[in-house]
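Okay, structure first, notes after.
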Amino acid sequence: MADAAPIEELITIRDWLRFATSKFRQAELTYGHGTSTAIDESAFLILKTLHLPIDSMDPWLDCRLTFAERRAVAGIIEKRIETRRPASYIVNEAYIRGHSFYVDERVIVPRSYIGELLEDGLAAAVPDAGNVETILDLCTGSGCLAILAALEFPIADIEASDISADALDVAKRNVAEYGLADRIKLIQSDLFTGLGNSRYDLIIANPPYVSAEVVSAFPAEYQAEPVLAHAGGDDGLDIVRKILHEAGRHLTPEGVLVVEIGTGLDVLENEFPDLPFLWLDTEGSAGEVFALSASELNLAGGGTKMSKANRR
């Protein structure tokens with residue numbers, strides 16, 4: 001059990017921010033589910049517990065808390081330490097670029113770099129966003145990327161697929177909360193298997209891409225997430241390879257594929273030397289998201305050219 005917080009002594013939000021940060025550092029918690037440091041995690045949990053906007057803590061730092069509020073903040077700090085669950089699971093909410101989504105243990109906590117890239121309509125990869133009428137969000141999880149795509153491409157109809165029925169239940173809740181049920185269709189599918197012959201102007205995917213070795217060594221916070229959402233095979237890229245081989249058959253002639261792959265750039269470029277990957281960098285990543293057009297995926301063959309490993 002974590003040491004009980006001295007509720008009588010910690011009066012202001014500033015007091016609790018300092019206390020939580022110290023406790024989280026002492027407990028050697030792991031971050032990466034929307035925050036990257038103990039102080040950011042502390043600020044997020046305190047603001048959520050007090051029902052305050054999460055964009056800035058500065059206006060509230062010297063506000064005094066009631067006894068009931070102090071007890072609630074103490075409880076959330078203790079829960080984070082004792083359970084080692086990601087903060088977003090504790091408060092059932094995660095954010096991508098200021099947009100809020102409901103989450104629980106049925107889905108991975110959303111944190112895709114594609115969320116940032118969607119803010120300008122994937123301009124580096126999609127030359128004319130106004131022509132995007134159909135979008136597929138593959139491995140949708142909580143539905144967050146499908147929702148962000150719907151907001152950025154207002155005329156597009158969107159299909160969001162996932163192998164997990166539990167994940168789709170969470171996505172359904174988020175889609176409803178954004179009022180997008182008429183534009184986003186949720187489909188249970190193992191990658192493209194349940195999509196028939198559908199073709200899309202844009203396919204986005206944040207598939208599982210963590211290697212077996214890394215998954216086996218996950219700290220508790222990452223173990224709390226569905227392993228299905230992380231496990232990408234021995235080198236992490238098994239599912240990415242399947243997407244590369246199959247996506248071409250599901251793109252319109254001018255369609256574009258955008259996939260987040262983690263740190264597999266060198267492996268993919270070596271294995272698929274004929275594919276001119278366009279790497280889309282973000283504020284927090286370099287070479288972790290690629291784009292390819294339908295023509296680059298060799299539509300004439302129904303998919304990509306064979307990788308070096310599969311050539312005869």
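The values are calculated or read from the model by the stated rules, or taken from the named source; none is laboratory data. Remember, it's a predicted structure, so these values are computed and weren't measured experimentally. Don't worry about glycine lacking a Cβ; one is built from the backbone with ideal geometry, like all the others, and counts go over all protein chains shown. Accessible surface is based on the protein model in full, side chains and every heavy atom, while ligands, DNA and RNA are left aside. Shrake-Rupley method; radii C 1.70, N 1.55, O 1.52, S 1.80 Å.
Of all residues being hydroxyl-bearing (Ser, Thr, Tyr) and in contact with a helix residue (DSSP H, G or I) (Cβ under 8 Å, 6 or more places away or on another chain) in the stretch 23-60, which is farthest from Ser112 (Cα to Cα)? Just the residue, please.
Per the criteria, the residue is Thr49.
Given (1) more than 27 Å from His99 (Cβ to Cβ); (2) part of a helix (DSSP H, G or I); (3) without any contact (Cβ under 8 Å) to a residue 12 or more places away in the chain, identify the lone condition not met by Asp40.
It is condition (1) that Asp40 fails.
If you check every pair at least six apart or on different chains, which have Cβ atoms under 9 Å apart with a residue in the stretch 109-131 that is under 19 Å from Pro253 (Cα atoms) and open to solvent by 60 Å² or more (accessible area, probe 1.4 Å) first and a residue that is assigned to a helix (DSSP H, G or I) and not β-branched (Val, Ile, Thr) second?
Ala124/Leu117
Quick one: is Phe19 at pLDDT 95 or above and out of contact with any helix residue (DSSP H, G or I) (no Cβ under 6 Å at 6 or more places or on another chain)?
yes
Which one is nearest to the chain's Cα centre (by Cα), of the residues in the stretch 47-76 that are in a helix (DSSP H, G or I) and closer than 19 Å to Val109 by Cα?
Looking at the filtered set, the residue picked out is Lys48.
Wholly within the stretch 212-307, which helices (runs of 4 or more DSSP H) include no fewer than the required count, namely at least 1 residues that are open to solvent by less than 70 Å² (accessible area, probe 1.4 Å) and under 19 Å from His33 (Cα atoms)?
Passing ranges, in order: 212-216, 220-223.
Rundown of residues vs (1) among the acidic types (Asp, Glu); (2) touching a residue at least 12 places away in the same chain (Cβ under 8 Å); (3) surrounded by fewer than 21 Cβ atoms within 10 Å (Cβ to Cβ), yes/no style:
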{"residue": "Gly98", "(1), (2), (3)": "no, yes, yes"}
{"residue": "Tyr102", "(1), (2), (3)": "no, yes, yes"}
{"residue": "Arg106", "(1), (2), (3)": "no, yes, yes"}
{"residue": "Cys139", "(1), (2), (3)": "no, yes, no"}
{"residue": "Ile158", "(1), (2), (3)": "no, yes, no"}
{"residue": "Ala171", "(1), (2), (3)": "no, yes, no"}
{"residue": "Gly179", "(1), (2), (3)": "no, no, yes"}
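May I ask you to verify whether Thr134 is open to solvent by 40 Å² or more (accessible area, probe 1.4 Å), touching a strand residue (DSSP E or B) at 6+ places or on another chain (Cβ under 8 Å), at pLDDT 95 or above and among the β-branched types (Val, Ile, Thr)?
yes
Go through the residues of the stretch 6-22 one by one and say whether even a single one is under 30 Å from Tyr113 (Cβ atoms) and open to solvent by 60 Å² or more (accessible area, probe 1.4 Å).
There is no residue in the stretch 6-22 that is under 30 Å from Tyr113 (Cβ atoms) and open to solvent by 60 Å² or more (accessible area, probe 1.4 Å).
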